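Please read the structure below before turning to the comments.
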Amino acid sequence: MTHYSRYVALGDSQTEGLGDGDEVRGYRGLADRLAEHLAGASPELHYANLSVRGRLASQVLAEQLAPALRLRPDLATVIAGMNDLIRPGFDARAVAGSLEEMFAALTGAGAHVLTVTFPDIGKIAPLARPLLPRVLALNEHIREAAARHDVTVVDTFPHAFATDARMWSSDRLHASPLGHARIAAAFAHALGLPGSDDTWSAPLDPVAPRGRLRSTGTEVRWIAGFAGPWIYRRIRGRSSGDGRTAKRPDLGPVLLHGEN
């Protein structure tokens, strides 16, 4: 197993950790959880998280790559593209191009880079079913770009767990604590960290199906509580990340969850 000493996370709200905590307690998320896995094997690990919610892939490239390179990581995660995928005018090749530029620069600087593919979001939010061709196109471009730069890809798309409702928070845009934990475990397994295995990919235990009336009520509440406000922000040209800065801009030691 390779030991890492400088882990830097780049991305949007998933890497920031939305869905795994709140504005009062703070957010944990997949990158924090991976840093904890890493610190368990390498206590000297230092970790920075440059992610900002709402960012498009091109914004992650423009705002986070240069600061990441200044931190001289030997490990980096790059997760971006979902905010692009759900907006009008989506261009899979352009989004993947932003990702590939980050892959090339970080691996060229000596970092081991990890990324992910995206699940079929239409199985998470039925209104997003028409977006499947976008997901397939972006995932294919990600795999190709990653192969060109020896980037490790955690391919979530083929796995049933990735679209299980329990993997997602009530807004269906951000992973739940379980979802963040699963992706962190997948990264840990890809890195061969002690105690990791392939159980991250296992399907969740089945649950009883919901009745049609209950399902309809859930959809109505989701549209009113989450989809509607998201569309309103887009119409106004606003983003959830407006005025926000990097979650953890400087490298520092990892405080294991539960420590004071």
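The values are calculated or read from the model by the stated rules, or taken from the named source; none is laboratory data. In this text the structure is predicted, and so the values were computed from the model without any measurement. Counting neighbours? That spans all protein chains shown, and the Cβs are built from the backbone with ideal geometry, glycine included. Surface accessibility is based on the protein's heavy atoms, side chains included, excluding ligands, DNA and RNA. Shrake-Rupley method; radii C 1.70, N 1.55, O 1.52, S 1.80 Å.
Beta carbons within 10 angstrom, averaged per residue: use that to sort the peptides 149-155, 196-202, highest first.
So the order, starting with the most tightly packed, is 149-155, 196-202.
Note down the accessible area of Leu136, probe 1.4 Å, to the nearest 10 Å².
90 Å²
Taking the DSSP beta bridges in the stretch 1-159 as the whole, what percent of them are antiparallel, to the nearest 5?
Taking every DSSP beta bridge with both residues in the stretch 1-159, the antiparallel ones total about 10 percent.
Arranged from highest to lowest average of other beta-carbon atoms within 10 Å per residue, in what order do the peptides 77-83, 94-100 appear?
In decreasing order of mean packing, 77-83, 94-100 become 77-83, 94-100.
Over the stretch 74-142, what percent of the accessible surface lies on carbon and sulfur atoms, probe 1.4 Å?
Using a 1.4 Å probe with all protein chains present, the stretch 74-142 comes out at 57 percent carbon and sulfur.
Taking R0 as 25 Å, what's the FRET efficiency between Ser5 and Arg148 from their Cβ-Cβ distance, rounded to 0.05?
For Ser5 and Arg148, the calculated efficiency is 0.40.
Could you work out how much longer the chain between Ala104 and Thr199 gets when fully extended? Use 0.36 nm per residue separation minus the Cα distance between them, nm to one decimal.
Net length gain for the segment: 31.2 nm.
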